[in-house]
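Peer 1: Structure incoming, see below.
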Amino acid sequence: MYQKVLFSLMLVLTLVLSACAGGGSNTATSVPATTPAAGDETTPTTGVTTTTADETDTPEMDGTTTPEDEGGSTTPTTEDEEPAGMTIIGAADDAGDFTTLLSLLDAADLTDTLEGDGPFTVFAPSDDAFDALPPELVDELLAEPDVLSQILLYHVVDGEVMAADVLDAESLDTLQGEPITVTVDGDTVMLNDIATVTETDITADNGVIHVIDAVLIPLDLELPTVEGSGGGDIIETLESAGDFSSLLALLEATELTDTLMEDGPYTVFAPTDAVFNSVPTEVYDFLAENPDILTDVLLYHVVDGTLMSEDILDADEVETLQGDPITVTVDGDTVLLNDLAMVTTVDIEASNGVVHVIDNLLVPPTLGMTDTGTMTDTETMTDTETMTGTGILDIAAADGNFTVLLTALEGTGLDSTLQGEGPFTVFAPTDDAFVVLGEAGILDTLTEQPELLEQVLLYHVVPDLIMSDDLADGDSVLTVQGEPITVTFDGDTVLLNDYATVQLADIEADNGVIHVIDAVLAPPSFATMEMTGTETMTDTGTMTDTGTMTMTGTIADLVAANPDFSVLLESLEFVELTEALAGEGPFTVFAPTNEAFAALPPDVIEMLGEDTELLTDILLYHVVGDELMAEDVLDAESVETLEGESIEITVDEENGIVLLNGEAEVIGVDVLADNGVIHVIDTVLIPPDVELPAASSGTMDPAAMQPETNPVR
């Protein structure tokens, strides 16, 4: 019932299209902020204009006014501007743009109510808003005063709610009993996602008026049924609506116009001109050059038979004339087709069917498209964006939004790899994603160290074909670089490593598939890679500053997740310190890599495996009982560890490095955890009071460090 009434609510705006020849779209648009005359001062609030009841020049409904008093403000004060003895009814009458509202209030015997003490807040539809309704509907409402009264009271709130208060509210209770929802989108304030507030704070003795551009209908109210006033077929109905010129031109080009003028009946999900204007030029050109594909796309918007809004609400999917079904999802007040296109206006009746307006172009799931770039501007990961083309690099180059990625691949010689047979799956960061790295100075660092850049790029490539349907929440995929990417579903959003959003999926190529992402992925071990230059420590030059290296979990979790700390992890587990580093903390851990442990003499490794107390002391000598970020380390001459002894800190500005105890270099900083921070070092620290055997046989290969009974072995 709720959804059915939702569509009834949308009926008012729907019938505008069928009633007003050449009337244009009823899509809400932002009202520009007031532009003051020279010397005026403005105090912008909602981005809509404000006026008072005693202004002699009533603003036009285009949402702009020019203050009459030099130096005046467009946000009125209630003092000295409120005409004495003028009620809301008087203020509305004085404004001159509410004759229909006043007439209907009188017909519903509500005039005396709004002349009472109040205070009241009235969201007043202008005469234009009522003119947009079919005359038949207004006549029906006049014939049913109880229904009319419910609609009018739905525009009235008990109490004085000024514009600033409206902005702070998510909903407002009305005298009719049902709430109005408030949505703020930039400069636009909307009620029930239908009516735009165009003027605010018209004050009166007993309240305030805010002007809106559409009539609000209570969700639980059944409107009288009226037929569309157009009377023509679907093509004539679209022509009279005035917002479907692109659709009509494409129907004509594919010779489908005559079809939709036949008896039918048909149901058409009609994208507006704004939808087609948002489609990339190359896609539009491609469709124009391939009439068979264009025909399939258009027929995918047409259903055989008349499906009114209530029929759509009851359906999980509907079969189209193209052959593929459209899925229907109801999410609160929103109806989505294929989880992509929102139904914005419903039940525009024609002599041979019905039209429902949608805000995105639908693409059949089985349709392949060649070298067309992005199909829509949607940020939802769907299978409808599937395209086919030549190679992965060819498609990326044709799109024009991956120039930095392509340059980096070419600079590292990886472009030839991705021109191979594959198949490959590439998670492709856009140019905007790389801009973030550039602003943080990290892109320059990667460019100067191609071996690091190559690792980052390979971390975006999977040596297999992975379509969106192959992925599930919690999955991980192993990359060519050797480390996994985790996949998380959050509603309609797909995240990689919990920070990169998949914006577009399943762009197919001859040698694989591309999924577009909005952030550059950093391998979990990135912090262990040597980054030369003083910025490594002084500017905390890690990926954390860009939001692309932030990881969740305790220090113990992050150590376990990084394969370059496997020996450290086994050692912590061997002496039962893992649980401690999973505690509240905060802690700072100077974490030796596997190579650091491998550099220990074999005699020392043997000793540590036999003496757990000694191993415990050495591990605790790497832990500080506080959170010390890189800048804190730089400011300290020494830091006290949980083992009891201190670590000496030296900054070698000439070589741009930071040393601990004069021997262990800090090679990665500020790997944040929930309970502290990790800094990566290249040497195992030994407490000053511990004597170890001298080196006897050099270093060991890291591969030999896999633990058996000895965690350090």
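Peer 1: Near P524, within a Cβ-to-Cβ distance under 13 Å, what is the net charge of the other residues, with Lys and Arg +1 and Asp and Glu -1?
Peer 2: So the environment of P524 carries a net charge of -4.
Peer 1: Hey, if you drop one equal point scatterer on each alpha-carbon of segment 597-668 and run the Debye formula without solvent, what base-10 log of I(q)/I(0) do you get at q = 0.21, 0.23 Å⁻¹?
Peer 2: Calculated log10 I(q)/I(0) at the listed q: -1.00, -1.09.
Peer 1: Now for a separate question. Given a 1.4 Å probe and heavy atoms of the protein chains only, how would you sort S571, S240, largest accessible area at the top?
Peer 2: Largest accessible area first, the list is S240, S571.
Peer 1: Test of understanding: what is the full-extension gain from A636 to S103, defined as 0.36 nm times their sequence separation minus their Cα-Cα distance?
Peer 2: In short, 184.1 nm is gained.
Peer 1: Let me ask another. Could you give the C-alpha radius of gyration of segment 267-322 expressed as a fraction of 2.2 N^0.38 Å, taking N as the number of residues it contains?
Peer 2: Rg over 2.2 N^0.38 Å, computed on Cα atoms: 1.33.
Peer 1: Tell me, what ³J(HN,Hα) does each residue in segment 612-627 have, in order and in whole Hz, if you take phi through Karplus 6.51 cos²θ - 1.76 cosθ + 1.60 with θ = phi - 60° and put x for Gly and Pro?
Peer 2: Taking θ as phi minus 60°, the curve returns 5, 5, 5, 4, 4, 4, 5, 5, 5, 6, 9, 10, 10, x, 6, 8 Hz for segment 612-627.
Peer 1: Further, regarding this structure: Accessible area per residue of segment 231-367 at 1.4 Å probe, in Å²?
Peer 2: 39
Peer 1: Run the quick spin-label model on E239 and E252: label points 7 Å from Cα toward the beta carbon, then report their separation in nm to one decimal.
Peer 2: That separation, rounded to one decimal, is 0.9 nm.
Peer 1: Oh, and also: Leaving out ligands and nucleic acids, and using a 1.4 Å probe, what accessible area per residue does segment 136-219 come to in Å²?
Peer 2: Here the residues of segment 136-219 average 36 Å² of exposed surface.
Peer 1: Let me ask something additional. Just to confirm a number: summing +1 for Lys and Arg and -1 for Asp and Glu over residues other than T345 whose beta-carbon lies under 11 angstrom from that of T345, what do you get?
Peer 2: -3
Peer 1: Another question, then. Note down the nm distance, to one decimal, between modelled labels 7 Å out along Cα→Cβ at D432 and at V330.
Peer 2: 3.4
Peer 1: How much accessible surface area, in Å² rounded to 10, belongs to the heavy atoms of E665 with a 1.4 Å probe?
Peer 2: Answer for E665: close to 40 Å² accessible.
The values are calculated or read from the model by the stated rules, or taken from the named source; none is laboratory data. Values in this document were obtained by computation on a predicted structure and should not be read as measured data. All Cβ positions, glycine included, derive from the backbone under ideal geometry; neighbour counts span all protein chains shown. Areas reflect the complete protein model, heavy atoms only, side chains present, ligands, DNA and RNA absent. Shrake-Rupley method; radii C 1.70, N 1.55, O 1.52, S 1.80 Å.
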